[in-house]
Amino acid sequence: MSKTPEKGEGKQNTTGLFPLFPTQANSVSAISSAPQWLRNASFTTDLSVIDAAPSTAPSLSDVEASEEDEEGDAYRNNNEANQPRVYDLVEEEEGSEGILMNTIRSLPRIITWILVLIRIILLMAPSTGSLHLHMMNVPRYKLDNSQRGSESGSTKLYLRNRRGSMLEAEIDVNSLDGKAKSDNRYWYAKHAAMERNKNFRRIRLSASSREAVDSCFDHFIPLEEGEAVQESEEEDVESKESVVGTSWEDEVLNKTREFNRQTRERPHDEKAWLAFADFQDKVSSMQSQKGVRLQTLEKKISILEKAFELNPDSEELLLALLKAYRSRDSADVLIREFSRFKVSEVRKMYSYAIQALFSACSKRHRQMDATSEPLDSALIQQELVLVDMLVSLCRFEWQAGYRELATALFQAEMEYSIFSPSLLLSEQSKLRLFEHFWSSNGARVGEEGAFGWSLWLEKEEEHRQKMLKEESSDDNDVGGWTGWTEKLSDRKEDSSIASANTGEGDVNREGLDEEMEDENGMPEDDTEAMLKLLGIDVDAAASDEVKDTLTWVKWFEEEVSRDQNQWMPTRKAGELSSVDEMGEREDEEQLSSLVLYEDINGYLFSLRSNEARLSLVYQFVDFFGANISPWTSSNSLWWIEKINSLETLSDSMLENLRNVHECLSKSDSANGFSLGSLLGSNSDISMRTEMMKFLRNAILLCLNVFPRNYILEEAVLVAEELFVTNMKTCEVATTPCQALAKRLLKSDRQDLLLCGVYAQREAASGNMKHARRIFDMALTSICGLPKELQDNSPLLYLWYAESEVANSSGSSRETESSSRAMHILCYLGSGLAYVPYTSQPSSMQILRARQGFREKLKKIQSLWSHGVTDDQSAALVCSAALFEELTNDLSGAVEILEHMFSSVLPGRRSQSHQLEILFNYYVRMLQRHQDDLTLSKLWNPISEGMQLYPLSPELYQALIDICNHRMTSHRLRMMFDDYSRKTPSVVVWLFALSYELSRGGSLHRIRGLFERALAQDTLNSSVILWRCYIAYEIDIAHNPSAARRIYFRAINACPWSKKLWLDGFGKLSTVLTAKEMSDLQEVMRDKELNIRTDIYEILLLQG
């Protein structure tokens, strides 16, 4: 409290820090002989005049003064009773003990007035912002020590003075909200009411500049500063408001005014609108009444609706608005939405969306030069989105049971956009011309004898001209046409006969009508009688028709069979030869399978960019189940939509999950299950065969428009293999696609990539010698080809080298295959003309090839840094890495790949499918050498890849393969949990479930995974997850009652999926009654799902 005098300086000024407490010289000399441990400043200061100090300071109330005296007396009595005996050892004068006791008695008053003075100084000096924040802007945290009886009087006095400080003296607690509840653990009721009251004004104090803060507080962590005020006038206003304070309602009003000003001045600022909407959530959180919260939510919805009206192209505003709608709608509203779901209503929405997008594309195209090449990138993106929307519609129709319509939509759009005639027609004229083609007997895309709308139109015109010439020649031979005449006598005879017959008809007309009525009534009576004989009451209610669940199971089997067979649209009756072979229900089935022009004209649009046309063809091939090489990144909109709308596992996904199961089955002795086996096969063999034939015909037709496209060429050869393999029951010596490949090569002998694709199919079938002959023939003929065809040589070299590496199995063939692969890559790197393999390459050839690769990689790096990537450059980088792996070691290959990846920006890297293919190649290379690498070298690339391509199934397969032996199962589960929270998708949950099922995980853990996946908003409508969950409960957990509950949740979340509805009839026949199955079928009809089989047909078959 004061300065301690040093020895020999008794006359020195010993004024304390506060002049309110003067120190006398005699007080120092009085205890100069005291021991050293009593010579502290707190004992050597004379505080006998402390009683005079309060007169110069603000006085407390009399009540508080009396309480302080009582507490002081109690404290002195307690202190005297418990006085330590250590003071008896000190021999001291009588006056020193009195001084010590006076000092102790005065400590409470000293502490009190020090705190009062500090508060007065802080109030009078608001410029000390940092100190003011530290003392005043902290939570009102107060310990409730009322139950403690033995506390010092100074502590109680300190706490009471804190409660009764000057800043809180003017607050009337009784005027606050009486409903405010207090938590006695941390808060007194008075402070809880103050903090929760909306009219309570809070003081905001902040330093105007950092220089105003005292340097002595630099080592403290500063609290968050407010926004710096630029102008001096605003600073004055803020300082005044800080003294008065602002309540919560004032803050809401000020914020609302500020947001209104921002949205009025900048109506197209999406962030301002979103911040305004988020502020409503903050306001709603402060409301205690439910009605007020609902009003705030309605205000938020109105804000977002206004924002979306001004910014109709903003996806963030649309998503925020839909989320607000979902927050407002209760479960009853959602149930009503489910009851209002109709397939026809969804079709209307798709039609409106497609026409709106097409109108935007047409408007943008008219604004540009129609002959400009290339097209605007924004227009290309709009057309790609348009194609994605059409494919989404086709997927919806297929899942709802209208498979013929989905196929017809694909056929119509491909004919309308890809095979359209090159005529300068308006859109309406083009539609009228297409209606003539669609209503005719001409074969469409995928059908036998189809050659496209444009060529059909030419042939139709030629046929018409030919017919006109024949008619004109006939007219010239006979002479001019003069009409015909009829003899008068003949006309009289006809009239007499008619008059004679009229009388006779009048006589017998009533009898004929009665006979016709009897004839028409007989079949109905016979049908009713026959149904009664079968025990079927026609007039009975629907619930009484079928009382046996086995009948519904047979209905389910027949419905599935018809779904698999009836996916191609038919024509009018009598136009196809197969109509006569369809049995009794041919007319009805043909009527349901008939797709008229009126069914598809609202979804047609023209595509002008080759990128959009190719995307349509690629998605068409993928839609019907052909294996096709990746043409887009896994981060694309098409891939995300495809994964989220899966009903069954595709072939590529099944292969990845099968590899995971095999990997875990080898390392774990537990009896696990494969996730792919839960849902069974994708389709039967007959349906697969017809689809592959349909795809083969369609792709061959598309190759006329997109020649030398190796992705389509590979797809058509794979489709041919599957078609021929399913058609022939016995094994054949040659590759199934050999005949088709030779026919294609005969038509275009300069197609190098077709040679490479065909050689790959031969190598995959085990005919490595034949594959080498094809590769060698193609590589030796490169020198005589044009420059644009020679640029494709890296792909051919890479495919050849990879085939040799894949063929090396066993120590005997490993050396030869590696030597052949090095020989192939040496010619690619050196740039020399290719010579077939004779011996192992020399050191000079390897050195020359390494130098050539280094120079080529420098050129590619400069192109990639500008965002230019293609298949040829990616193939060259893969070849260089493979060359280093074979000739040097893995570190050289990894260095090349990482160096090339670093030259591309992460944003471009995540959207390029070539770089994703390159990264997958990198991961496969690491998997081949994982036994020689540490976990860090394996984990870092995979972690980087998961951030770039979070929806890649290949990366998840590699993750499980690498981490299964090197990590604990708990750590791998935590990784899946982290990925599912960062980027929730169907892919991550499918692999997490496959991991648990293959390891034989516990029922609770697997059910928890399903529930957590389906609880996410983006995955609640995933049909594949619901179907896997139901199949798991039936086949593995053996809990039909749980499967029944899950089934009803599933059809409520995904009412459009017919396959999901049929799972109830096929898998839950033991827990569903016949009445429930009948009701389910009625609901399916009400939702307008396509039901092909009537239950009466099954009853008739049983009878």
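The values are calculated or read from the model by the stated rules, or taken from the named source; none is laboratory data. Bear in mind the structure is a predicted one, so any value in this text is a computation, not a measurement. Positions of Cβ are generated from backbone atoms using ideal geometry, with glycine treated the same way; all protein chains shown enter the neighbour counts. Ligands, DNA and RNA are excluded from the accessible area calculation, which covers all protein heavy atoms including side chains. Shrake-Rupley method; radii C 1.70, N 1.55, O 1.52, S 1.80 Å.
So which residues in the stretch 274-293 are over 19 Å from residue 263 (Cα atoms) and exposed (fewer than 14 other Cβ atoms within 10 Å of the Cβ), if there are any at all? 285, 288, 289, 290, 291, 292 - these are the residues of the stretch 274-293 that are over 19 Å from residue 263 (Cα atoms) and exposed (fewer than 14 other Cβ atoms within 10 Å of the Cβ). Evaluated against (1) in contact (Cβ under 8 Å) with a residue 12 or more places away in the chain; (2) farther than 19 Å from residue 962 by Cβ, residue 942 falls short on exactly one condition, (2). For the stretch 246-261, a residue qualifies if it is assigned to a helix (DSSP H, G or I) and of a type in the set (Val, Ile, Thr), and the qualifying residues are 252, 256. Scanning the stretch 616-637 for residues that are open to solvent by less than 30 Å² (accessible area, probe 1.4 Å) and more than 16 Å from residue 699 (Cα to Cα) returns 633, 634, 636. Just one residue in the set 862, 873, 818 is open to solvent by less than 20 Å² (accessible area, probe 1.4 Å) and among the hydroxyl-bearing types (Ser, Thr, Tyr); that residue is 873. For the stretch 302-320, filtering for residues that are surrounded by 15 or more Cβ atoms within 10 Å (Cβ to Cβ) and closer than 15 Å to residue 256 by Cα leaves 2. Taking each residue of the stretch 657-684 that is at pLDDT 85 or above and looking for partners that are exposed (fewer than 15 other Cβ atoms within 10 Å of the Cβ) with beta-carbon atoms closer than 9 Å, six or more apart or interchain, yields 664/670.
Output the residue which, of all residues in the stretch 635-659 that are part of a loop (DSSP other than H, G, I, E, B) and within 14 Å of residue 989 (Cβ to Cβ), is nearest to the chain's Cα centre (by Cα). The extreme case among them is 646. Can you say whether residue 825 is touching a Ser or Thr at 6+ places or on another chain (Cβ under 9 Å), buried (at least 18 other Cβ atoms within 10 Å of the Cβ) and in a helix (DSSP H, G or I), as far as the supplied structure shows? It is true that residue 825 is touching a Ser or Thr at 6+ places or on another chain (Cβ under 9 Å), buried (at least 18 other Cβ atoms within 10 Å of the Cβ) and in a helix (DSSP H, G or I). Residue pairs whose Cβ atoms lie under 9 Å apart, separated by 6 or more positions or on different chains, with the first residue in the stretch 844-869 and under 19 Å from residue 907 (Cβ atoms) and the second open to solvent by 90 Å² or more (accessible area, probe 1.4 Å), are 861/899; 864/908; 865/905; 867/905; 867/908; 869/863; 869/908. Residues in the stretch 1029-1045 that are within 27 Å of residue 395 (Cα to Cα) and either surrounded by 23 or more Cβ atoms within 10 Å (Cβ to Cβ) or in contact with a Lys or Arg (Cβ under 8 Å, 6 or more places away or on another chain) (or both): 1029, 1030, 1031, 1032, 1043.
Filtering 437, 410, 419 for residues that are open to solvent by less than 10 Å² (accessible area, probe 1.4 Å) and touching a residue at least 24 places away in the same chain (Cβ under 8 Å) leaves a single hit, 410. Residues that are hydrophobic (A, V, I, L, M, F, W, C) and open to solvent by less than 20 Å² (accessible area, probe 1.4 Å) within the stretch 976-1008 comprise 976, 986, 987, 988, 989, 990, 991, 992, 993, 997, 1006, listed in sequence order. So which residues in the stretch 921-961 are open to solvent by less than 20 Å² (accessible area, probe 1.4 Å) and under 20 Å from residue 662 (Cβ atoms), if there are any at all? Passing the criteria: 923, 926, 938, 942, 952, 953, 955, 956, 958, 959, 960.
State all residues of the stretch 293-314 that are outside any loop (DSSP other than H, G, I, E, B) and either more than 17 Å from residue 325 (Cα to Cα) or charged (D, E, K, R) (or both); if no residue qualifies, say none. Listed by number, the residues that qualify are 293, 298, 299, 300, 305, 306, 309, 310. Does residue 1088 satisfy the condition of being open to solvent by 10 Å² or more (accessible area, probe 1.4 Å) and on the phi < 0 side of the Ramachandran plot? It is false that residue 1088 is open to solvent by 10 Å² or more (accessible area, probe 1.4 Å) and on the phi < 0 side of the Ramachandran plot.
Filtered by the rule that a residue be among the aliphatic types (A, V, I, L, M) and farther than 15 Å from residue 836 by Cα, the stretch 746-776 gives 752, 753, 754, 757, 759, 763, 764.
Filtering the stretch 1053-1075 down to residues that are open to solvent by 50 Å² or more (accessible area, probe 1.4 Å) and over 22 Å from residue 403 (Cα atoms), which residue is nearest to the chain's Cα centre (by Cα)?
The extreme case among them is 1067.
The residues on offer are 717, 745, 740, 779, and the sole one that is assigned to a helix (DSSP H, G or I) and closer than 21 Å to residue 880 by Cα is 779. Within the stretch 218-245, the set of residues being in a helix (DSSP H, G or I) and either at pLDDT 90 or above or not aliphatic (A, V, I, L, M) (or both) comprises 232, 233, 234, 235, 236, 238, 239, 240, 241, 242. Put simply, of 406, 400, 450 the only residue that is more than 30 Å from residue 1060 (Cα to Cα), modelled with pLDDT of 90 or more and among the aliphatic types (A, V, I, L, M) is 450.
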